[in-house]
Every structure is written in structure tokens, then in C-alpha cells.
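First comes the structure, then the notes that go with it.
The values are calculated or read from the model by the stated rules, or taken from the named source; none is laboratory data. Since this is a predicted model, take the numbers as computed values, not measurements. FYI the Cβ positions are ideal-geometry reconstructions off the backbone, even for glycines, and counts take in every protein chain you see.
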Amino acid sequence: MLTGEIRGQIDKLRDALWSGGVSNPLTGVEQITYLLFARRIDEMQTLEENKAQALKKQGYVARRIFPEGKDGLDTPQFRDGGCPYELMRWSRFRNQPPERMYEIVADHVMPFLRTLGGSEGVMASHMKGARLAFTKPALLDKLVQGLDAIPMQDRDTKGDVYEYLLSMISSAGENGQFRTPRHIIDLIVRLMNPGPEDTVCDPACGTAGFLMMAAEHVRREHPGLFYDAASRAHFETRAFTGYDFDETMLRIGAMNMMLHGVEAPRILYRDSLAEGGGDDAGQYSMILANPPFAGSLDNETASKDLLKTVNTRKTELLFLALFLRMLSTGGRAAVIVPDGVLFGSSKAHKGLRETLVEQHRLEAVISLPSGVFRPYAGVSTAILIFTKTGRGGTDRVWYYDMTADGWSLDDKRNPLLPEDLLGPAPARALTAEEQAKNNLPDLLARWADRDGGERANPRTAQSFCVSREDIAAAGYDLSINRYKEVVHAEVEHAAPQDILRELRALETEIAQGLTALEGMLA
């Protein structure tokens, strides 16, 4: 967790970018990403040099990032006794005067980053757009000195610093790439509990928040994996895969993974729904995602295999079909979907829900408060959890009605509890009053008992189970309000969460009516 002092230092960098003419938050984070990467690769080579020295192999570096020699970079400005490659290291250029520093970074460090690992390498593909977006040496000097003053010796601090930087771009996009709140991601990862042998994928990864949190979870719960060479290699190179078609997001996502200890992140360019993206069908044991929804895809570019599964242009349905294709048999998925997926009346909606229930194992539907994604979107959403079996297996579906996530559900999204009591794993057990403001720990506890006492809960409870037969009888409608029974109370005596539940039921009924009307008019 970042201290107030470090947050203040990062805020100063943001203000420096703004006053220096970099007003787009996304561009600002991108510029800091390049500098953080330059600092990181210098640290990596320094570590290798220290290893060589400790093993008394002075001059032999097993993993050399910066080549030895001048290699054609012996330009006049470097003919002062210093090796050009040495001057391109963070620990060297940070001490140069601003004008000289700008010259080194703009003319040599950025081109070097664009070819790092070979022109065909993964990191080179992410860094191919690396260049400074400003021309003021004083601004570069302020950014470099500011970043250098932030202590980032340990992995946790590096990751926290970068996540705080990412909060700068929370309102800079139009496609929902980076709007999943961190505590919701943490909740989903804990629900799924990825292990050291899992292969986790997010086909619309954005800044790689799900993959980063999954990596942190595995590291926290299975620290012994790093003592086994094969397990460590799997963690570093194959365990986490992300796809996106936004090159800026790919660059930022790759850096996010690296700063959280995954040195060779598989963050790759791909339009997951497009034709030609099925070469990894059946390869992943877990999918965690909040894919873009409320959009339509051109059928000419959509994968023909997906259209055979679900004939629709709606991206939220195509992504669900994609997840089923990408999962291995026995693989699990936890994905955020708009409520319309749960009760939509089109043939594609109904067919996909029937497929999840009858051909695979649908495990849970978790209804999220409609304010979770404010101020960017007010749409009601849910978390679907399912396992790919290909031969059915749905017995009962566990439902949870989340009414509070720890933050206010208006556009301000202010915390309702102290920081250490927020999220799915608070510092201590919550009181009943605190739990009414943060349902996440209660949700996790009930999820763990979903095959036990939860089955006996009445449908008036916050969580309950619904049989496959009842879901089939309801036309495979998966919305929680189809099954939840509400004990009506006088409004003046009703608790706030009961009033909210009533309003949400009314909202769903209205949405269902509108969807049916759209179907009639189509």
C-alpha cells in the first residue's frame, strides 16, 4: 500500500506533465511507462552484474541487456570517454544535465527500446511506438528525478506505484478497457483461486488488471513454486496470457505485468473476435475477463466459428462463445456481463444461456450493484462463473445479490469504510453494520459454503441456490429477480438495502420489457 508521501510524489509528476503540455492522461502514463521501463532494464542488468561479481566472474554477465561497445553509436556528443550504451542506462543518464539527458533519451534510449529483444521480439512489438511526446528537456529532467526519488526496490511498491499511475487514465478511454475496479478484480480472482499449474487468459486484457491480480494471488498462495525451476518457468512465460488490439494498452499492460514480477509477459496483439483468432482453442484452464459490451461487430470481420456457435453481432454474446472455445475441457471462467445477457429474449441470448446450463456447468450468477462502474457507466452487470464440460453438469446455480461494494454507488464513488476494511479481504472481520456497506467478504464466505449450508437458504436470503430444472422451466432466464423472493416492507421502516433491492427488481423488469419490445420491433 502506497504511503501518502509516494502518492504526493506521483501527483507532482502528473502535474508536471500537465503543465508541460501533456494534457492527455493516457499519453502521460505512456511517457512514464517508457521511463519506468528504462529504469527497470537498468536494474535487471545491475542485478546480473552483481551476480557475476559475487560468483567472481567479473566481466561475464549471463543476461546482458545493454551490449558492450559503441556499435555504431560513436557520435560526437558521446566522444567524451563514456560508452554510448553505458550512457543509455538509467543510472547514468539521470545524472546528465537536462539538455544532454534529453538528447540521450530521445535519440538513443527510445530507439533502443524499440528494438529490445530483437526486432521481432514481444517487447520490441510493444515498444515500437516508444518516443517522447514533448520537447522540453526540463520536463524530462523533472520526470526522471521524480521517478528516481520514489523508492521502488521491492516488487510490491513497483506494482502499487504503477497501479496508482493507471488511476490517472481511469477516464481517458471510450471502450471500457480499464474501468474494472481493482476490488472487483480481486474478488473475482479470489473466487476462482488460480493455482501454479493454471494457464490464465484475458482475451480483452486492457491494462492486464485481471492477469496481474491472478499472478499476485498465485505468488501469495503458493510461494514455494519459485523453488521449482519448471514451476517458475511456467509462471514467468506461460501462465498468463492477454490479448488486446489497442497498442497503447498492450504496452501499458506488459509493463504492469513486468512491474508485478512477470519478466516475460505474454501480452499479445489480437482482435479476439476476428477471423483467424482460433489457433489457441482449448488451451486455457481459466479465463478472467470484463470484455467490452454494449457494442456490435461487423459480421464480415467476426470469426465464422463464433458465428456458428451464436449467430449475433452483439460483442457480449460473441465473447462468451469465444471463452467456451478457448477453455480446455474442465476449464473455468469468471466474466462480467451486462444484465441483458441474463434475460435477453433474442434467439441468440436464449440459445447461449441454454448452452451454458445444459451443455456445460453454470456455477454462479453474482448480481453487482448498478453503480459499480460509475461515473463511466451506470449499466447493471453480473459475474457469471462456469466450467466447460461439453456434457452438462449443472445441478444448482448459486446466486448472490450484492448491494454494496464498499464505495458509494453515485458518480463520486467515495469509500464508505476505512481503507483497511475495504475489498474482499479486510484487516479484520466486519461488523453487521460494516458488512452492509461492504458485501465482498460475506460473498467469499458464502461462496466457500455453496455446496453446503447455502443450499438450504430461502430465496428471500441474500444468497440462495436455484435448481437446473427451475431455470429450464423459466426459459433459461438467469436474472436474479426471476427467482428472488422479496419480503415486502413498509417503505418508512425498510432498511436501505431492502429499498435498493426493490428498485433493482423494478429496473430489471423495465429492462426486460424494453428488450422484449426491441425483439418485437426487430
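Remarks
- Total residues in the range 380-392, condition in contact with a Gly (Cβ under 8 Å, 6 or more places away or on another chain) and in a strand (DSSP E or B): 1
- Filter result for residue 312 (among the β-branched types (Val, Ile, Thr) and without any contact (Cβ under 8 Å) to a residue 40 or more places away in the chain): yes
- Answer from 267, 188 - the residue that is of a type in the set (A, V, I, L, M), under 14 Å from the mean Cα position of the chain (by Cα) and modelled with pLDDT of 95 or more: 188
- Residue check for residue 193: closer than 30 Å to residue 336 by Cβ, modelled with pLDDT of 70 or more and surrounded by fewer than 18 Cβ atoms within 10 Å (Cβ to Cβ): yes
Residue by residue, here is whether (1) free of Cβ contacts under 8 Å to residues at least 60 places away in the same chain; (2) assigned by TED's automatic domain parsing to the domain that holds residue 208; (3) crowded, with 24+ Cβ neighbours inside 10 Å holds:
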site	(1), (2), (3)
230	yes, yes, no
234	yes, yes, no
237	yes, yes, no
245	yes, yes, no
250	no, yes, yes
254	no, yes, yes
261	no, yes, no
264	no, yes, no
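- Answer residue from the range 444-464, given it is in contact with a helix residue (DSSP H, G or I) (Cβ under 7 Å, 6 or more places away or on another chain) and part of a helix (DSSP H, G or I) and is surrounded by the fewest Cβ atoms within 10 Å (Cβ to Cβ) among those: 444
- For the criterion of being farther than 16 Å from residue 468 by Cα, touching a strand residue (DSSP E or B) at 6+ places or on another chain (Cβ under 6 Å) and not assigned by TED's automatic domain parsing to the domain that holds residue 200, residue 335 passes.
For every residue, the table says whether it meets (1) assigned to a strand (DSSP E or B); (2) out of contact with any helix residue (DSSP H, G or I) (no Cβ under 7 Å at 6 or more places or on another chain); (3) farther than 26 Å from residue 202 by Cα; (4) of a type in the set (Ser, Thr, Tyr).
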residue	(1), (2), (3), (4)
357	no, no, no, no
375	no, yes, no, no
394	no, no, no, yes
399	yes, no, no, yes
420	no, yes, yes, no
430	no, no, yes, no
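- Pair list, Cβ < 6 Å and 6+ apart or interchain, from the range 209-226 residues that are buried (at least 18 other Cβ atoms within 10 Å of the Cβ) to residues that are small (Gly, Ala, Ser): 211/242; 225/231
- Selection status of residue 345, in a loop (DSSP other than H, G, I, E, B) and either of a type outside the set (Lys, Arg) or touching a Gly at 6+ places or on another chain (Cβ under 7 Å) (or both): yes
- For the range 24-42, the criterion of being more than 24 Å from residue 247 (Cβ to Cβ) and modelled with pLDDT of 85 or more is satisfied by at least one residue.
- Some residue of the range 59-66 being surrounded by fewer than 12 Cβ atoms within 10 Å (Cβ to Cβ), over 24 Å from residue 159 (Cα atoms) and at pLDDT below 80: yes
- Filter result for the condition that a residue is over 22 Å from residue 369 (Cα atoms) and either at pLDDT 95 or above or assigned by TED's automatic domain parsing to the domain that holds residue 365 (or both), over 489, 461, 445, 474: 474
- Considered as a group, the residues in the range 293-312 that are part of a loop (DSSP other than H, G, I, E, B) and at pLDDT 70 or above include one that is nearest to residue 353 (Cα to Cα), and that residue is 310.
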